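Chemist: This structure is in structure tokens; I'll ask about it shortly.
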């Protein structure tokens, strides 16, 4: 999952970047409104965290521009001044949730995960597809109630595929969402990772959860359980 | 005595006007009377000279003869109002034909060659006369002097009529002049005090929020006052803005370091991290609380009004978006004419905190309503959540207290609302919602200017 973080305070930006990376997200940072706007326009993100009080261009203007251009990734706004008017203006501009500074990392992570789920149509933090269960909060995957150990990249790929279950995801798109911008896109690392993932969650080739569509990409084939 | 300026001026001027015109009237009346009397005297004197000229003393018979015709025809026609009589040793020796049948009063004797003018009543007191007496003496052939006293009488009623008609016209004109002057004065006062009245209406407009400051085009005498008021209004506004900005900047600059500290503790996982986090959370609450409390503009001299419905609709729409998963229904029952008697920022803060709270606790239903009741604006926000236990209600309204530490911003939100409401001279109540079963937050804001 790729997150764009626009925050002008260097210490807070570094901490948030570290915290979000630890939590398994790919984090790109921008330190002012213009740079943030550019990154959001040019690269693919699953979510943006935008501080409202930014130099060069206010957070609200950045959000408005993105939304005008049809960018529909969820946006979480950070505001230092907890003036209600500002929150309302941010939400009206197109943000989806707000956090008032200072906040705890746990709460920020919980809100980000909730927004990601919501944007892909899930309403619970546990994603159930037949025998496979992915817990976004614990970042744990289990098959038939058996915990499966996996690397961060494997988890990211699986999470992305499950969140977009039923959709065809190209290798390029998968690469964009799980790696930093400067990743070497020619490598066949994705194929290797998907192969390993298949072995881990379906060692007996029983459920065939990840389909390969030649020349087009991958698709998570198991349908979602109806939610309680 | 707190009399209006208009009444003071009108009263003082009226009293002076009455005294002045009254004295003028008296003086004129007196002068006219004197001069009328003088002219009567002079005319009587003329008659006596004419009579003297017409008199002829016979030295032999020692009799006084009055030649006909008499010098004034009125002396010949009976009861004409002009009479003459001649005394010698207190006996009437001659009477003008006009005095036939009248008993005329007699004047006292005077020395030869001297005059006596007096006003005298007749013996029956029915009529009064001006009487002028003069004594003259003739000698008989032996050189013995005989003195005669000439008296001419003028009926007083004619003079009285003359004076009366003069008085009527004099006082009539004076009263008319008084009325005219009083009216003119009232108009002049009205016109002169008009700028003062427009200052008052101007101030009312400023109070009602229809104007920012007083007009500039006032007369010199009160321009100092109005400019002073304007300066005061401006400086008060500037000072308030500066104060609010300083506080906002202070809080702003404290919050980011607090966020850094807070985030730092999460990753460090130190042993006493929890305690530090708790302290940082307390600091955050203090900053939040003081910032919101200080920035509550409250009711100012510029009675600003904010339409209620649009602000609440914007907050509800925003919160609905954030809490879209919960599928909460939030009908708003507010007349679009309703106005909040204060600044938009304060309304956002109050309703934002209350509604955020409601969305946090509600299961499926929130209801917002507002109405006017006896000069009070009542805003009610109900939800179907767990409600607030009666024992905790007083506590959550206190500054910075939290009823439930696990829900961020709960207590401080309500205590901030309570603080803003009290700045407006209103009150806040927490009860159980009868319809929805959860909490019911009710705030009362007085519409009239109850300054705290």
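The values are calculated or read from the model by the stated rules, or taken from the named source; none is laboratory data. What you see is a predicted model, and the numbers here were worked out from it, not measured in a lab. Every residue, glycine among them, receives a Cβ derived from its backbone with ideal geometry; neighbour counts consider all protein chains shown.
Chemist: Can you name the condition, by its number, that residue B:45 falls short on among (1) out of contact with any strand residue (DSSP E or B) (no Cβ under 9 Å at 6 or more places or on another chain); (2) over 17 Å from residue B:158 (Cα atoms)?
Modeler: Single failed check for residue B:45: (1).
Chemist: A further question follows. From the list B:242, B:237, B:223, pick out the single residue that is out of contact with any strand residue (DSSP E or B) (no Cβ under 7 Å at 6 or more places or on another chain) and under 20 Å from residue B:305 (Cβ atoms). Talk me through it step by step, then tell me what you get.
Modeler: Numbers: B:242 fails: under 20 Å from residue B:305 (Cβ atoms); B:223 fails: under 20 Å from residue B:305 (Cβ atoms).
Sole residue among the options that is out of contact with any strand residue (DSSP E or B) (no Cβ under 7 Å at 6 or more places or on another chain) and under 20 Å from residue B:305 (Cβ atoms): B:237.
Chemist: Does residue A:78 fit the bill of being assigned to a strand (DSSP E or B), in contact (Cβ under 8 Å) with a residue 40 or more places away in the chain, crowded, with 17+ Cβ neighbours inside 10 Å and within 10 Å of chain B (Cβ to nearest Cβ)? Can you show your working first?
Modeler: Values: assigned to a strand (DSSP E or B): yes; in contact (Cβ under 8 Å) with a residue 40 or more places away in the chain: yes; crowded, with 17+ Cβ neighbours inside 10 Å: yes; within 10 Å of chain B (Cβ to nearest Cβ): yes.
The answer is yes for residue A:78.
Chemist: Out of the residues in the range B:271-325 that are modelled with pLDDT of 75 or more, more than 13 Å from chain A (Cβ to nearest Cβ) and not in a helix (DSSP H, G or I), which is farthest from residue A:119 (Cα to Cα)?
Modeler: B:305
Chemist: Moving on. Please enumerate the residues belonging to the range B:419-452 that are closer than 25 Å to residue B:307 by Cβ and at pLDDT 85 or above. Give the derivation first.
Modeler: Taking the range B:419-452 as the starting set, the residues that turn out to be closer than 25 Å to residue B:307 by Cβ are B:419-429, B:440-452.
Hits for the range B:419-452 are B:421, B:426, B:427, B:428, B:429, B:440, B:441, B:442, B:443, B:444, B:445, B:446.
Chemist: Let me ask something else about it. Can you go through A:52, A:20, A:12, A:16 and tell me which one is within 14 Å of chain B (Cβ to nearest Cβ) and either out of contact with any helix residue (DSSP H, G or I) (no Cβ under 7 Å at 6 or more places or on another chain) or surrounded by fewer than 21 Cβ atoms within 10 Å (Cβ to Cβ) (or both)? Give the steps one after another, and end with the answer.
Modeler: Details: A:52 fails: either out of contact with any helix residue (DSSP H, G or I) (no Cβ under 7 Å at 6 or more places or on another chain) or surrounded by fewer than 21 Cβ atoms within 10 Å (Cβ to Cβ) (or both); A:12 fails: either out of contact with any helix residue (DSSP H, G or I) (no Cβ under 7 Å at 6 or more places or on another chain) or surrounded by fewer than 21 Cβ atoms within 10 Å (Cβ to Cβ) (or both); A:16 fails: either out of contact with any helix residue (DSSP H, G or I) (no Cβ under 7 Å at 6 or more places or on another chain) or surrounded by fewer than 21 Cβ atoms within 10 Å (Cβ to Cβ) (or both).
None of the others qualify; the one that does is A:20.
Chemist: Can you say whether residue B:400 is crowded, with 19+ Cβ neighbours inside 10 Å, outside the structural domain of residue B:281 (by TED's automatic domain parsing), under 22 Å from residue A:101 (Cβ atoms) and modelled with pLDDT under 85, as far as the supplied structure shows?
Modeler: So residue B:400 fails the test.
Chemist: Separate question: Residue A:125: in contact with a strand residue (DSSP E or B) (Cβ under 7 Å, 6 or more places away or on another chain), over 30 Å from residue B:345 (Cβ atoms) and within 14 Å of another protein chain (Cβ to nearest Cβ), yes or no?
Modeler: On the way: in contact with a strand residue (DSSP E or B) (Cβ under 7 Å, 6 or more places away or on another chain): yes; over 30 Å from residue B:345 (Cβ atoms): yes; within 14 Å of another protein chain (Cβ to nearest Cβ): yes.
Yes.
Chemist: Just one of the numbered conditions (1) within 28 Å of residue B:104 (Cβ to Cβ); (2) over 58 Å from the mean Cα position of the chain (by Cα) is not true of residue B:144; which one?
Modeler: Unmet condition: (1).
Chemist: Let me ask you something else. Take the conditions more than 25 Å from the chain's Cα centre (by Cα), surrounded by fewer than 14 Cβ atoms within 10 Å (Cβ to Cβ) and assigned to a helix (DSSP H, G or I) and apply them to residue B:244. Does it pass?
Modeler: Values: more than 25 Å from the chain's Cα centre (by Cα): yes; surrounded by fewer than 14 Cβ atoms within 10 Å (Cβ to Cβ): no; assigned to a helix (DSSP H, G or I): yes.
No, not satisfied.
Chemist: Within the range A:34-44, which residues are at pLDDT below 90 and touching a strand residue (DSSP E or B) at 6+ places or on another chain (Cβ under 8 Å)?
Modeler: Passing the criteria: A:43, A:44.
Chemist: Does residue B:355 meet the test of being under 21 Å from residue B:430 (Cα atoms), at pLDDT 90 or above and within 12 Å of another protein chain (Cβ to nearest Cβ)? Step through it out loud before you land on a result.
Modeler: Working: under 21 Å from residue B:430 (Cα atoms): yes; at pLDDT 90 or above: yes; within 12 Å of another protein chain (Cβ to nearest Cβ): yes.
Here the answer is yes, as residue B:355 does meet what is asked.
Chemist: In this structure, is residue B:365 away from chain A (no Cβ under 14 Å), surrounded by 19 or more Cβ atoms within 10 Å (Cβ to Cβ) and under 25 Å from residue A:111 (Cα atoms)?
Modeler: Details: away from chain A (no Cβ under 14 Å): yes; surrounded by 19 or more Cβ atoms within 10 Å (Cβ to Cβ): yes; under 25 Å from residue A:111 (Cα atoms): yes.
It is true that residue B:365 is away from chain A (no Cβ under 14 Å), surrounded by 19 or more Cβ atoms within 10 Å (Cβ to Cβ) and under 25 Å from residue A:111 (Cα atoms).
Chemist: Right, next: Scan the range A:143-152 and tell me whether some residue there is in contact with a helix residue (DSSP H, G or I) (Cβ under 9 Å, 6 or more places away or on another chain), within 28 Å of residue B:264 (Cβ to Cβ), in a loop (DSSP other than H, G, I, E, B) and more than 14 Å from chain B (Cβ to nearest Cβ).
Modeler: Yes, that holds for at least one residue.
Chemist: Now for a separate question. Take residue A:158 and tell me if it is buried (at least 21 other Cβ atoms within 10 Å of the Cβ) and more than 9 Å from chain B (Cβ to nearest Cβ). Working first, answer last.
Modeler: Numbers: buried (at least 21 other Cβ atoms within 10 Å of the Cβ): yes; more than 9 Å from chain B (Cβ to nearest Cβ): yes.
For residue A:158, the condition - buried (at least 21 other Cβ atoms within 10 Å of the Cβ) and more than 9 Å from chain B (Cβ to nearest Cβ) - is met.
Chemist: Right, another one. Kindly indicate whether any position in the range A:81-91 is modelled with pLDDT under 85 and more than 10 Å from chain B (Cβ to nearest Cβ).
Modeler: no
Chemist: Residue B:20 - would you say it is under 30 Å from residue B:183 (Cα atoms), at pLDDT 90 or above and surrounded by 15 or more Cβ atoms within 10 Å (Cβ to Cβ)? Reasoning before the result, please.
Modeler: Details: under 30 Å from residue B:183 (Cα atoms): yes; at pLDDT 90 or above: yes; surrounded by 15 or more Cβ atoms within 10 Å (Cβ to Cβ): no.
When the stated conditions are applied, residue B:20 does not pass them.
Chemist: To continue, here is another question. Does at least one position in the range A:95-114 carry a residue that is farther than 29 Å from residue B:248 by Cβ, more than 11 Å from chain B (Cβ to nearest Cβ) and under 19 Å from the mean Cα position of the chain (by Cα)?
Modeler: yes
Chemist: Here are some residues: B:158, B:194. Which one is exposed (fewer than 14 other Cβ atoms within 10 Å of the Cβ), at pLDDT below 90 and assigned by TED's automatic domain parsing to the domain that holds residue B:31? Even if it seems obvious, please write down each step before you answer.
Modeler: Values: B:194 fails: assigned by TED's automatic domain parsing to the domain that holds residue B:31.
Only one candidate passes the filter, namely B:158.
Chemist: Another one. Inside the range B:97-138, can you point out the residues that are over 21 Å from residue B:159 (Cα atoms) and either touching a residue at least 40 places away in the same chain (Cβ under 8 Å) or surrounded by 14 or more Cβ atoms within 10 Å (Cβ to Cβ) (or both)? Break it down into steps so the answer makes sense when it comes.
Modeler: Kept after step one, since they are over 21 Å from residue B:159 (Cα atoms), are these residues of the range B:97-138: B:97, B:100-101, B:108-114, B:134-138.
Residues satisfying the conditions are B:97, B:109, B:110, B:134, B:135, B:136, B:138.
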